[in-house]
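For reference, the structure is listed below as structure tokens.
The values are calculated or read from the model by the stated rules, or taken from the named source; none is laboratory data. None of these values were measured; they are calculated from a predicted model. In this analysis, Cβ positions are derived from the backbone assuming ideal geometry, glycine residues included, and neighbour counts consider all displayed protein chains.
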């Protein structure tokens, strides 16, 4: 181990080392209060942070584990075998990040963390005092802000029109009336990841029709950000995929750097923008941005805050998933999220903090249940907590069209001129969303030619490529109220060998029931989209037996589907060729469009 490439995060003297018991030991660094887990065995020591890699929860000893090698996360009950650093629940998920362990000649023990030089410290720039009006931050809606940096306008994550996640999410705020001009008048755009509340098809369609050569920058994730838009009507000609941790120079005063998420590096990114030495950090939706290594004392920090961006547990039914259980779960999770965001702000000490990327609503009438039960944190809640824990940090809670003059805010946080509000009659909250237009667009997939042939089921799941997993899934196409859709499909998929049995296998197996709204399900299938549109969009209802999370299954359908959509032209050619040779097949395939499980 080269000591210049690592830092010591915990030291135990020889007496403390001797007191370590075989198995799991929890230790805290008294200097920074960070907690670690040390596992002692005949083979030596293994160690890691006491922080779940999933969503940052703390571990406690797993009292159900008789081997004494497993800890359980207090957030989602994930279980980690510290002797192997493999997560055992859910299976086939992450490996835990480890600390290096060194035993010194005097018997002391040190935990070391690899510490490469922070990339934003390369080629440092001294801050230059900003003039009034030189750097202005205009909030548009959700995660979309416009940065005026001298003569350059930089736009983040423009979702300004239409729904996200199929038709499950709708904008809470009314974007400024001139949003189209702002969108097309930007000098460059950063899009953090492929989720449709950041990579908005409807918004980018407007951009592609007016200014297809807009410079757009994305990180070099293993899952390409623009993978599905390449097959759509959105034709943008200036997409720039940039490597992580390297400054991208825009002009002599302005540069930016894209960083990956530590939990979801295959898709999530965050960004640092630097203008005249002043840094703006936007962590967007990252669970653990840049693996937890972030710059301190930035001029402005922005992050999500609200929660509620998951189908769990809102879309689950049966067993413990009563409304009262969901209510208590949501209350605890939102409180944990607030505490995490406040502690992060306290640790990083930005001059100004802005909570954003959480302003959506389940507005469609058919999602009234989700809207009423999926309560979210408010920016005011987080502001109050930060004011208590880090009163020196100014919190800016934005509304559409409100402008933050960063130069004035840095010079004097109490200067009322630092925040300019639009006219008093400016509309803040949306009260109409043109549901019919967008829902009709997706429901048009119901009548697509491929669904006249039950063979589409095998073709689709073979394309998806998930198998060798002891899970049986029943998929039922439903109406808006999650009742069976007339003449809809109702089928089983056995992922152990990718077969489609008429009844559940007699062997022991895990079982999921998915009730999917037919329009969204067929739209997802037809376009080869990720199942986030169903799951995060609240367009299904889920029951599972036993009640465990199948990370490998969901990770595949939410992240790892093939990059090219299914070749439905090839499929139709094949099935129609068989029909022409045997007319009875046509009668069978078109008689009902329903696969019975009876």
Positions within the stretch 58-78 being under 19 Å from residue 336 (Cα atoms) and at pLDDT 85 or above, in sequence order: 58, 59, 60, 72, 73, 74, 77, 78
Which numbered condition trips up residue 10, out of (1) more than 19 Å from residue 103 (Cα to Cα); (2) under 32 Å from the mean Cα position of the chain (by Cα)? (1)
Flagged pairs (Cβ under 6 angstrom, 6 or more apart or on separate chains; first in the stretch 289-300, more than 18 Å from residue 268 (Cβ to Cβ); second at pLDDT 95 or above and in a loop (DSSP other than H, G, I, E, B)) are 296/349; 297/349; 298/350; 299/351
If you go through the stretch 25-43, how many residues are assigned to a loop (DSSP other than H, G, I, E, B) and under 16 Å from residue 110 (Cβ atoms)? 5
Examine the stretch 437-451 for a residue that is within 28 Å of the chain's Cα centre (by Cα), surrounded by 15 or more Cβ atoms within 10 Å (Cβ to Cβ) and free of Cβ contacts under 8 Å to residues at least 60 places away in the same chain, and state whether such a residue exists. yes
When you scan the stretch 470-477, do you find a residue that is under 24 Å from residue 370 (Cβ atoms), in contact with a helix residue (DSSP H, G or I) (Cβ under 7 Å, 6 or more places away or on another chain), in contact (Cβ under 8 Å) with a residue 24 or more places away in the chain and not assigned by TED's automatic domain parsing to the domain that holds residue 313, even just one? yes
All positions within the stretch 511-531 that are touching a strand residue (DSSP E or B) at 6+ places or on another chain (Cβ under 7 Å) and buried (at least 17 other Cβ atoms within 10 Å of the Cβ): 512, 513, 514, 515, 516, 517, 518, 521
Give just the number: which of (1) surrounded by fewer than 22 Cβ atoms within 10 Å (Cβ to Cβ); (2) without any contact (Cβ under 8 Å) to a residue 40 or more places away in the chain does residue 182 not satisfy? (2)
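Listed here are the residues, each with its yes/no results for (1) free of Cβ contacts under 8 Å to residues at least 40 places away in the same chain; (2) in contact with a helix residue (DSSP H, G or I) (Cβ under 8 Å, 6 or more places away or on another chain); (3) surrounded by 14 or more Cβ atoms within 10 Å (Cβ to Cβ).
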residue	(1), (2), (3)
91	no, yes, yes
96	no, no, yes
100	no, no, yes
108	no, yes, yes
113	no, no, yes
123	no, no, no
128	no, no, no
131	no, yes, no
Please report, ordered by residue number, the helices (runs of 4 or more DSSP H) entirely within the stretch 483-598 with at least 2 residues that are at pLDDT 95 or above. 518-527, 532-535, 551-559, 568-581
Residue 54 - would you say it is out of contact with any strand residue (DSSP E or B) (no Cβ under 9 Å at 6 or more places or on another chain), within 30 Å of residue 331 (Cα to Cα) and modelled with pLDDT under 95? no
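Here's the yes/no breakdown for (1) modelled with pLDDT of 95 or more; (2) in contact with a strand residue (DSSP E or B) (Cβ under 9 Å, 6 or more places away or on another chain); (3) in a loop (DSSP other than H, G, I, E, B); (4) surrounded by 21 or more Cβ atoms within 10 Å (Cβ to Cβ):
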| residue | (1), (2), (3), (4) |
| --- | --- |
| 284 | yes, yes, yes, yes |
| 287 | no, yes, yes, no |
| 329 | no, no, no, no |
| 332 | no, no, no, no |
| 337 | no, no, no, yes |
| 343 | no, no, no, no |
From 123, 92, residue being part of a loop (DSSP other than H, G, I, E, B), outside the structural domain of residue 303 (by TED's automatic domain parsing), out of contact with any strand residue (DSSP E or B) (no Cβ under 8 Å at 6 or more places or on another chain) and modelled with pLDDT of 90 or more: 123
Can you pull out every residue in the stretch 478-489 that is buried (at least 19 other Cβ atoms within 10 Å of the Cβ) and touching a helix residue (DSSP H, G or I) at 6+ places or on another chain (Cβ under 6 Å)? 485, 488
Note on residue 313: of the conditions (1) closer than 26 Å to residue 160 by Cβ; (2) assigned to a loop (DSSP other than H, G, I, E, B); (3) under 17 Å from the mean Cα position of the chain (by Cα), unmet is (1)
Residue check for residue 409: crowded, with 17+ Cβ neighbours inside 10 Å, farther than 22 Å from residue 279 by Cα and more than 26 Å from the chain's Cα centre (by Cα): no
Output the number of the condition that residue 75 fails; it satisfies all remaining conditions of (1) more than 30 Å from residue 469 (Cα to Cα); (2) under 27 Å from the mean Cα position of the chain (by Cα). (1)
Might you let me know whether the stretch 412-427 holds any residue that is touching a residue at least 40 places away in the same chain (Cβ under 8 Å), assigned to a helix (DSSP H, G or I) and over 25 Å from residue 304 (Cβ atoms)? yes
Options 49, 28, 7, 40: the member that is closer than 29 Å to residue 339 by Cβ and surrounded by 15 or more Cβ atoms within 10 Å (Cβ to Cβ): 49
What about residue 280, is it over 30 Å from residue 516 (Cα atoms), buried (at least 16 other Cβ atoms within 10 Å of the Cβ), touching a helix residue (DSSP H, G or I) at 6+ places or on another chain (Cβ under 9 Å) and touching a residue at least 12 places away in the same chain (Cβ under 8 Å)? yes
Single condition residue 210 does not satisfy, out of (1) crowded, with 18+ Cβ neighbours inside 10 Å; (2) in contact with a helix residue (DSSP H, G or I) (Cβ under 8 Å, 6 or more places away or on another chain): (1)
Could you tell me whether residue 17 is more than 28 Å from residue 330 (Cα to Cα) and not in a loop (DSSP other than H, G, I, E, B)? yes
